[in-house]
Amino acid sequence: MPTEKFCKDSLVVKTSRIFPIDTNNHNSLFGGKLMSYIDDVASISASRHSRSNVVTASTDSVDFLMPIRPTDSVCLESYVTHTGRSSMEVFVKVVAENLKTGERKLAATSFLTFVALDEEGKPTKIPQIVPQSAEEHMLFNTAEQRVKVRKDRREHSKAFAKVVKTDAPWI
């Protein structure tokens, strides 16, 4: 396995048409449907980078910037932007394209973290990422800030989990 890979080696592009069944009561793409698309393409990027099984460790954010309408197609682009020993940060860019006018707008962005697993389901070492384009360098250079926020949030979640009740509230 190589010790380094380029961001572009993990690039995944998925384009879908928006149908009425995919929309909510605001006549825009249902957020849960978009989130499913995001996790799908991001997991493929992580698998391409690591060439191993992967598991979603976290979804940092899904920032919905504009509605995606039934007159649009939705194009998702994902690639690995940062790596740890076995973890990968994946950026997903969501572009809505009006199919009549050709106008394209950034509709959403998302960052997810995946962990590469070996055949026994244990975290496994992965190649380091090498950015090339201006966008890749910007995301790579700002990744450490996101990693810190992610670690802090995880510690908060662990502490929170010790307090949250899991028994049935109706009993």
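Each reported figure results from applying straightforward, stated rules to the coordinates on display, with no laboratory input. All figures in this text were calculated on a predicted structure; none of them were measured in a lab. Here Cβ is always computed from backbone atoms with ideal geometry, including for glycine, and neighbour counts include all displayed protein chains.
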Which listed residue is touching a residue at least 40 places away in the same chain (Cβ under 8 Å) and farther than 14 Å from residue 107 by Cα, from 58, 73: 58
Candidate set: segment 121-171, residues that are out of contact with any strand residue (DSSP E or B) (no Cβ under 6 Å at 6 or more places or on another chain), β-branched (Val, Ile, Thr) and closer than 14 Å to residue 83 by Cα; chosen: the one surrounded by the fewest Cβ atoms within 10 Å (Cβ to Cβ): 142
Candidates 131, 70, 127 - the one that is closer than 21 Å to residue 6 by Cβ and touching a Pro at 6+ places or on another chain (Cβ under 7 Å): 127
Test: residue in segment 80-89 that is surrounded by fewer than 18 Cβ atoms within 10 Å (Cβ to Cβ), over 14 Å from residue 5 (Cα atoms) and in contact with a strand residue (DSSP E or B) (Cβ under 8 Å, 6 or more places away or on another chain): no
Test result for residue 21, among the aliphatic types (A, V, I, L, M), over 13 Å from the mean Cα position of the chain (by Cα) and not in a loop (DSSP other than H, G, I, E, B): yes
Residue check, residue 113 of a type in the set (Ser, Thr, Tyr) and either surrounded by 19 or more Cβ atoms within 10 Å (Cβ to Cβ) or touching a residue at least 12 places away in the same chain (Cβ under 8 Å) (or both): yes
Residue check, residue 103 acidic (Asp, Glu) and over 25 Å from residue 57 (Cβ atoms): yes
Qualifying strands (runs of 3 or more DSSP E) (wholly inside segment 69-156; at least 1 residues being under 15 Å from the mean Cα position of the chain (by Cα) and either small (Gly, Ala, Ser) or farther than 19 Å from residue 36 by Cα (or both)): 72-83, 87-98, 104-117
Residues of segment 4-30 satisfying the condition of being in contact with a strand residue (DSSP E or B) (Cβ under 7 Å, 6 or more places away or on another chain), among the hydroxyl-bearing types (Ser, Thr, Tyr) and within 14 Å of residue 71 (Cβ to Cβ): 16, 23
Condition broken by residue 89, with the remaining ones in (1) in contact with a His (Cβ under 9 Å, 6 or more places away or on another chain); (2) at positive phi satisfied: (2)
